[in-house]
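Heads up, the thing below is written out as structure tokens.
The values are calculated or read from the model by the stated rules, or taken from the named source; none is laboratory data. As the structure is a computational prediction, the values presented were derived from the model and not from experiment. We place every Cβ from the backbone using ideal geometry, glycine too, and count neighbours over all the protein chains shown.
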């Protein structure tokens, strides 16, 4: 699977109604699915920021442009630090359901291992049951 196919697969997870665009409510719903919180106003602001053609929605091209983001080194370093907080302590270099559960509990958002498996499955591109840094990065856009 090439990078564009991966981007399209993640994009399609956000685009719940399949219309080829991500609306603020779809963005909000996807963030909630992975255990986060995003107000509708925040989702609207994010969509407005990403919207390249002014239609109030995020298209696949907008999404890819944002994900590729011109190699913003600081942003990548921040994501790497965040990833390290969640990754398995045994050094496997990935986020497992168990390590995600542990971190969410520390953050005051306890989840079961099964809930964590579901959260991971939404962004687990290769289907191995864990998140690599690249999958985590796509999730965090």
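Flag set for residue 26, criterion: surrounded by 12 or more Cβ atoms within 10 Å (Cβ to Cβ), modelled with pLDDT of 85 or more and either within 17 Å of the chain's Cα centre (by Cα) or within 17 Å of residue 118 (Cα to Cα) (or both). Can you confirm whether residue 114 is touching a strand residue (DSSP E or B) at 6+ places or on another chain (Cβ under 8 Å), exposed (fewer than 12 other Cβ atoms within 10 Å of the Cβ) and modelled with pLDDT of 85 or more? Answer is no for this residue. A count restricted to the stretch 29-46 and to residues that are surrounded by 13 or more Cβ atoms within 10 Å (Cβ to Cβ) and either more than 19 Å from residue 135 (Cα to Cα) or out of contact with any strand residue (DSSP E or B) (no Cβ under 9 Å at 6 or more places or on another chain) (or both) stands at 12.
The numbered conditions (1) surrounded by 11 or more Cβ atoms within 10 Å (Cβ to Cβ); (2) closer than 15 Å to residue 135 by Cα; (3) at pLDDT below 85; (4) out of contact with any strand residue (DSSP E or B) (no Cβ under 8 Å at 6 or more places or on another chain) are all true for residue 97 except (3). Would you say residue 88 is surrounded by fewer than 17 Cβ atoms within 10 Å (Cβ to Cβ), modelled with pLDDT under 85 and in contact with a strand residue (DSSP E or B) (Cβ under 8 Å, 6 or more places away or on another chain)? Considered against the rule, which asks whether it is surrounded by fewer than 17 Cβ atoms within 10 Å (Cβ to Cβ), modelled with pLDDT under 85 and in contact with a strand residue (DSSP E or B) (Cβ under 8 Å, 6 or more places away or on another chain), residue 88 comes out as yes.
Within the stretch 115-132, the set of residues being in a helix (DSSP H, G or I) and either within 24 Å of residue 43 (Cα to Cα) or out of contact with any helix residue (DSSP H, G or I) (no Cβ under 8 Å at 6 or more places or on another chain) (or both) comprises 115, 116, 118, 119, 120, 121.
Taking the criterion of being under 15 Å from the mean Cα position of the chain (by Cα), modelled with pLDDT under 85 and under 21 Å from residue 21 (Cβ atoms), would at least one residue in the stretch 122-138 satisfy it? Scanning the stretch 122-138 turns up at least one residue that is under 15 Å from the mean Cα position of the chain (by Cα), modelled with pLDDT under 85 and under 21 Å from residue 21 (Cβ atoms).
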